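Here's the structure we're looking at; comments come further down.
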Amino acid sequence: MRKGLQNLANNDNKNYKIIAVDDEEGIIDSLSIFLNRSGYNFTGVTDPQEAIEKVKSEHFDLMILDFIMTPFHGDQVVEEI
């Protein structure tokens, strides 16, 4: 792990649940690697409808949301939530 990330990876971060929604799997994979190494409780979703259902049934502290997605855009995801 890079030296700068060592200070970030601690048990306190596990208390934060982060969801990322992006229709590009590579983006989700990259965020997953970084945020998991930093100690966060991370969920990555490539399907906007699945993300809506997850957010309605689970608590997340932060959502990282792509705007241009298919079958609908990020603003529509926010509106639905």
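We did not get these values from a lab; they are worked out from the coordinates using the rules stated. Because the structure is a prediction, the values reported are computed rather than measured. Counting neighbours? That spans all protein chains shown, and the Cβs are built from the backbone with ideal geometry, glycine included.
Taking the structure as given and computing log10 I(q)/I(0) by the Debye sum over Cα atoms at q = 0.11, 0.21 Å⁻¹, which label from (1) -0.23, -0.88; (2) -0.30, -0.91; (3) -0.37, -1.04 fits? Answer by label: (2). The stretch between ASP75 and LYS56, if pulled fully straight at 0.36 nm per residue, gains 5.2 nm over its current Cα-Cα span. Here each label is just a point 7 Å from Cα along the line to Cβ, and for ASP12 and ILE68 those points are 3.8 nm apart. Projecting the Cα atoms of ILE81, ILE68, ILE33 onto the charge dipole of the chain, computed from C-beta unit charges around the Cα centre, puts ILE33 farthest toward the positive end.
Neighbour counting of Cβ atoms within 10 Å sorts the residues LEU31, LEU62, fewest neighbours leading, into LEU62, LEU31.
Summarising the amide proton neighbourhood of LEU65: residues at separation of 5 or more, or on other chains, whose placed amide H is nearer than 5 Å comprise VAL21. Where does the chain land at 222 nm, in deg cm²/dmol rounded to the nearest 500, when only DSSP H runs of n ≥ 4 count, each adding -39500 (n - 2.57), divided by all residues? Computed ellipticity for the chain at 222 nm equals -11500 deg cm²/dmol. Dividing the mean sequence gap of close Cα pairs (under 8 Å, 6+ apart) by how many residues the chain holds gives a relative contact order of 34 percent.
Measure nothing but the geometry: give the 0 to 90° angle between the long axis through the Cα atoms of 48-57 and the longest principal axis through the Cα atoms of the chain, rounded to 10°. Long axis of 48-57 versus the principal axis of the chain: about 70 degrees.
Anyone know which of GLU50, GLU24, GLU58 comes out most mobile in the 10 Å Cα GNM of the chain? Checking each option, the largest mean-square fluctuation is seen for GLU58.
Computed from Cα atoms, the angle from the helix 25-37 axis to the main principal axis of the chain rounds to 30 degrees. Computed from point charges on the beta carbon alone (+1 for Lys and Arg, -1 for Asp and Glu), the dipole magnitude for the chain about its Cα centre is near 700 Debye.
Using Cβ counts within 10 Å as a stand-in for footprinting exposure, how do PHE67, PHE60 rank, fewest first?
Fewest-to-most ranking of PHE67, PHE60: PHE67, PHE60.
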